[in-house]
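The structure appears below as structure tokens.
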Amino acid sequence: RFTARFGAEKIFCQHSGLMERERFDNWRRVRAGRGNIVIGPRSAIFMPAEEIGLIVIDEEYDASYKQSEQTRYHA
């Protein structure tokens with residue numbers, strides 16, 4: 001549904017199932033402004049997007065979205 005609405009070139013999936021090179025390529029493309037929609041686990045919030053219009057956290061009640069160790073964040 002996302003690709004139908006926004007186009008595949010703007011959307012990136014970031015997760016541990018990707019090869020390291022794929023994750024880095026996604027990171028570079030987002031940083032360069034070539035995409036602004038990132039779908040992934042909690043680590044996806046650290047993608048270097050300049051202009052974020054919306055972040056959707058599915059199942060935000062899950063304790064795994066809270067990091068108590070360094071670096072602390074609460075998505």
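So here's what we get for this one:
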{"read-out": "Residues of region 19-52 that turn out to be surrounded by 15 or more Cβ atoms within 10 Å (Cβ to Cβ) and among the aliphatic types (A, V, I, L, M), as a count", "value": "7"}
{"read-out": "Residue satisfying all of: in region 4-23; farther than 19 Å from Glu51 by Cα and not in a loop (DSSP other than H, G, I, E, B); farthest from the chain's Cα centre (by Cα) among these", "value": "Ala4"}
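Every read-out reported here was derived from the displayed coordinates using simple, explicitly stated rules and does not represent laboratory data. Just so you know, these numbers come straight off a predicted model, no measurement behind them. Cβ coordinates were reconstructed from backbone atoms using ideal geometry, including for glycine residues, and neighbour counts include every protein chain displayed.
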